[in-house]
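Trainee: This is the structure I have questions about; it appears just below.
The values are calculated or read from the model by the stated rules, or taken from the named source; none is laboratory data. The model shown is predicted, which means the values in this text are computed figures rather than measured ones. All Cβ positions, glycine included, derive from the backbone under ideal geometry; neighbour counts span all protein chains shown.
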């Protein structure tokens with residue numbers, strides 16, 4: 001029983017550290033954020049912080065990894081509930097932008113506050129995973145290279161729109177998003193993407 005409680009406490013502490021660190025990285029960037037600052041914000045001593053994350057790089061990498069895992073898991077659930085290619089693509093956009101709007105700090109870390117060269121490689125790996133997820137959703141009567149290029153274009157559109165939205169929010173002082181903000185983003189980019197994909201399928 002004691003071990004279970006200890007594990008639970010450790011998991012809770014780890015999640016607290018990740019949550020606070022995400023907020024700090026998002027606002028200050030990787031370079032100016034320190035582990036001491038994270039510890040002060042969370043209310044833990046430095047030894048406790050380092051017990052969970054041996055370095056600032058490890059902490060940043062964990063934020064990227066957990067955000068990517070949540071995104072991909074949510075995309076799988078949403079698209080499995082759809083039967084048509086268009087329904088799957090539209091569902092993917094809705095989930096994507098819903099997470100961008102609801103978890104804007106995490107996506108600022110992904111898109112706007114990259115740290116080291118190694119972090120940039122990690123972010124590229126996330127993009128490759130997203131391309132691999134989108135590729136099977138597209139029309140099957142294309143060769144694999146063509147379909148993968150289109151999947152890359154779809155991911156690029158989503159990421160570009162997310163970056164524009166995040167920058168606009170930052171310049172406006174981070175106003176509370178409207179209830180339909182994610183839906184509007186998803187509808188606009190979905191319309192653009194599906195129009196292009198439909199034109200290709202009709203060639």
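Trainee: Name the residues in segment 62-86 that are assigned to a helix (DSSP H, G or I), in contact with a helix residue (DSSP H, G or I) (Cβ under 9 Å, 6 or more places away or on another chain) and farther than 16 Å from residue 19 by Cβ, would you?
Mentor: 68, 71, 72, 74, 75, 76, 77, 78, 79, 80, 85, 86 - these are the residues of segment 62-86 that are assigned to a helix (DSSP H, G or I), in contact with a helix residue (DSSP H, G or I) (Cβ under 9 Å, 6 or more places away or on another chain) and farther than 16 Å from residue 19 by Cβ.
Trainee: Which condition breaks for residue 102 when tested against (1) closer than 23 Å to residue 150 by Cβ; (2) surrounded by fewer than 14 Cβ atoms within 10 Å (Cβ to Cβ); (3) touching a helix residue (DSSP H, G or I) at 6+ places or on another chain (Cβ under 9 Å)?
Mentor: Residue 102 satisfies all of (1) closer than 23 Å to residue 150 by Cβ; (2) surrounded by fewer than 14 Cβ atoms within 10 Å (Cβ to Cβ); (3) touching a helix residue (DSSP H, G or I) at 6+ places or on another chain (Cβ under 9 Å) except (1).
Trainee: Test residue 156 against the criterion of being without any contact (Cβ under 8 Å) to a residue 40 or more places away in the chain, part of a helix (DSSP H, G or I) and within 23 Å of residue 101 (Cα to Cα), and give yes or no.
Mentor: yes
Trainee: Then there's this: Could you grab me the full set of residues in segment 70-100 that are more than 19 Å from residue 157 (Cα to Cα) and over 19 Å from the mean Cα position of the chain (by Cα)?
Mentor: Across segment 70-100, the qualifying residues are 80, 81, 82, 83, 84.
Trainee: While we're on this one: If I filter segment 9-25 for residues that are surrounded by fewer than 13 Cβ atoms within 10 Å (Cβ to Cβ), assigned to a helix (DSSP H, G or I) and at pLDDT 90 or above, do I get at least one hit?
Mentor: yes
Trainee: Part of a helix (DSSP H, G or I), surrounded by fewer than 17 Cβ atoms within 10 Å (Cβ to Cβ) and within 17 Å of the chain's Cα centre (by Cα), is that true of residue 195?
Mentor: The answer is no for residue 195.
Trainee: If only one of 125, 182, 151 is touching a helix residue (DSSP H, G or I) at 6+ places or on another chain (Cβ under 8 Å), without any contact (Cβ under 8 Å) to a residue 24 or more places away in the chain and either surrounded by 14 or more Cβ atoms within 10 Å (Cβ to Cβ) or part of a helix (DSSP H, G or I) (or both), which one is it?
Mentor: 151
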